[in-house]
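These notes are about the structure you will find just below.
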Amino acid sequence: MIEVLISDFQFAGIAEIVEILKLNSQYGFPEVDGPEAVKRVEACGTAVFLVCETDGKVVGVVRGNYDGSRVIIHQFSVHPAYKKRGIGTALVKEIVKSFEQRGAPTVSATVTEERLPFWRKVGFRKTKAFVGGNW
Ligand SMILES: CC(C)(COP(=O)(O)OP(=O)(O)OC[C@H]1O[C@@H](n2cnc3c(N)ncnc32)[C@H](O)[C@@H]1OP(=O)(O)O)[C@@H](O)C(=O)NCCC(=O)NCCS
């Protein structure tokens, strides 16, 4: 594990996050993940939005929401050049801790089939629920 800093998202880091999402083919909906959307997230008291920095730049991101009952982590991405160094695991641990400190009884995440082995390693299991969408 390299030396990293995990902290709350700052708007100044949005360009680096967009770049990471693009590199990981996760930027299909700028209206959901782009700068304007992120301003609304910042103003939203229920969101937890963490970034991981190393070498003076943002290299990973995780974002989720707690409505007082359930948590859903719905954005999770690490820069391709920084994968497999423990950054993703550290981000998940940190966001889970943050939600638990807010009183969340459980934490869920949107998970792709491809990434299920990763999520299993960080303590999540597959449930019968899956994500539906109107897009
Ligand atoms: C999923 C994702 C966020 C994981 O980020 P990451 O920083 O690579 O995560 P970690 O390094 O903690 O763990 C990844 C793997 O590297 C392994 N690993 C961690 N540290 C390692 C090290 N020092 N040396 C070798 N392997 C290591 C982990 O065991 C894990 O193995 P697995 O993929 O077989 O489960 C990243 O792959 C990503 O951004 N993918 C594209 C977007 C995506 O799929 N997002 C999630 C959708 S559900």
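What follows is calculated from the coordinates using simple rules that are stated; it is not laboratory data. The structure presented is a predicted model; accordingly, all values stated were derived computationally and were not measured. Positions of Cβ are backbone-derived with ideal geometry, glycine not excepted, and every protein chain shown enters the neighbour counts.
Expressed as a whole percent, the proportion of Cα-Cα pairs in the chain lying more than 26 Å apart is 18%. Using the Cβ-Cβ distance between Gln101 and Val32 with R0 set to 30 Å, the FRET efficiency from 1/(1 + (r/R0)^6) comes to roughly 0.65.
Note on the chain: with a GNM built from Cα contacts shorter than 10 Å, the maximum mean-square fluctuation among Gly64, Gly123, Gly86 falls on Gly123.
Placing dummy labels 7 Å off each Cα toward the beta-carbon, the span from Lys57 to Arg85 is 1.1 nm.
Taking the chain as a Gaussian network of alpha-carbon nodes connected by springs under 10 Å, the highest mean-square fluctuation of the residues Phe76, Phe49, Phe11 belongs to Phe11.
Using only the Cα atoms of segment 31-111, build the gyration tensor, take square roots of its eigenvalues as a ≥ b ≥ c, and label the shape rounded, prolate or oblate: rounded if a/c is under 1.5, else prolate if a/b is larger than b/c, else oblate. Oblate, because a/c is 1.5 or more while a/b does not exceed b/c.
In the chain, the calculated helix contribution to ellipticity at 222 nm averages -9000 deg cm²/dmol per residue, counting -39,500 (n - 2.57) for every DSSP H run with n ≥ 4.
Given +1 at the Cβ of Lys and Arg, -1 at the Cβ of Asp and Glu and no other charges, the dipole of the chain around its Cα centre is 680 debye to the nearest 20.
As a rough footprinting exposure proxy, the listed residues Trp135, Trp119 were ranked by other beta carbons within 10 Å of their own, and the order from fewest upward is Trp135, Trp119. Within the shell defined by Cβ-Cβ distances under 15 Å, the residues around His79 carry a net charge of +1, with Lys and Arg each +1 and Asp and Glu each -1. By the beta-carbon count within 10 Å of each Cβ, the least crowded to most crowded order of Ser7, Ser69, Ser98, fewest first, is Ser69, Ser7, Ser98. Could you work out how far the C-alpha centroid of segment 34-56 sits from that of segment 74-112, in angstrom? Result: 14 Å between the Cα centres.
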